[in-house]
Amino acid sequence: LICNEGYGKAIIFFVFTLATGISVVDNLAFIYFDFLGSSNTMNGCTVVFTVLFELPLFYLAPFLLKHHGPGRLLLYAGGAYVVRVLGYTIVPEGHMGIILMLETLHGISYANLKTGSVEFVSLIVPKGSEATGQGILIFVNYLGVVVGLAFGGWLQEISGPRVMYACMGLIAFFGIAVLLLAETCCAKGNSSEKIRSENNIRQIGEYEHLCGNKVDRYG
């Protein structure tokens, strides 16, 4: 399944790009909020808003995976992140209420990223290598964190936080574009005739599920 392999590479690339973006929000956001005139109390409130949607989305994870698939959840995560950080770039100083609304998008990004990426890896790794697959996923994620903080910190220092967040949003958007392109390839490959024997039925089913088709593995 060549298309499935290409789709897998696209998802790993997407996870890396989104991790670079989320790292600067998780670690540098309070610096930007101080720039906007935030108080310590308001900074604490932003944390509450960031987790507002996380628990509901994790609770609904089986339903979301069944009806959307891991690839679509990753796209939702990327879209929420791009809207959030591009929103950062246009918030006027002293308007932290807008920041609170934008922070609710964090739960959508985080929950969908974790749910989609973990499910994807569990589907493609060979039986018995599930822990290794998740370890590789964590490595890719933290590699993105290191690169994101190094690049984002440098960019914020020389160009300011608004430019930095705009650039990180563009990087995440590029990851979304790559994933959408791979999904299109996957959909075309899925339309071709395949032999459904007992030996390859699980592989075909996972292939269709990754490409966004509704496969009932959670009902």
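In Å and on Cα atoms, what radius of gyration and Dmax does the stretch 136-177 show?
Here Rg and the maximum Cα pair distance are 11.3, 33 Å.
Going 7 Å from the Cα of Ser39 toward and past its Cβ, which residues in the stretch 89-117 have a backbone nitrogen under 19 Å from where you end up?
Zone members listed by number: 93-101.
Could you tell me, in Å, what Rg and Dmax come out for the Cα atoms of the stretch 44-184?
Cα radius of gyration and Dmax of the stretch 44-184 are 16.3, 53 Å respectively.
Leaving out ligands, DNA and RNA, what percent of the accessible area of the stretch 1-121 is carbon and sulfur, probe 1.4 Å?
71 percent
From the protein chains alone at 1.4 Å, what is the descending order of accessible area for His95, His106, His68, largest first?
Ranked list, largest accessible area first: His95, His68, His106.
Spin-label point model (7 Å from Cα, Cβ direction): what's the Ile12 to Thr184 distance in nm?
The two pseudo-label positions are separated by 2.4 nm.
List the equivalent ellipsoid semi-axes of the stretch 61-110 in whole Å, largest first, each obtained as the square root of 5λ for an eigenvalue λ of the Cα gyration tensor.
28, 10, 5
Please find the FRET efficiency linking Leu55 to Leu100, where r is the Cβ-Cβ separation and R0 is fixed at 30 Å, and quote it to the nearest 0.05.
Taking R0 as 30 Å, the efficiency between Leu55 and Leu100 is 0.95.
The values are calculated or read from the model by the stated rules, or taken from the named source; none is laboratory data. Small disclaimer: the values here were computed from a predicted structure and weren't measured. So basically every Cβ, Gly included, is an ideal-geometry build from the backbone, and we count neighbours across all protein chains shown. Only protein heavy atoms, including side chains, enter the accessible area calculation; ligands, DNA and RNA are left aside. Shrake-Rupley method; radii C 1.70, N 1.55, O 1.52, S 1.80 Å.
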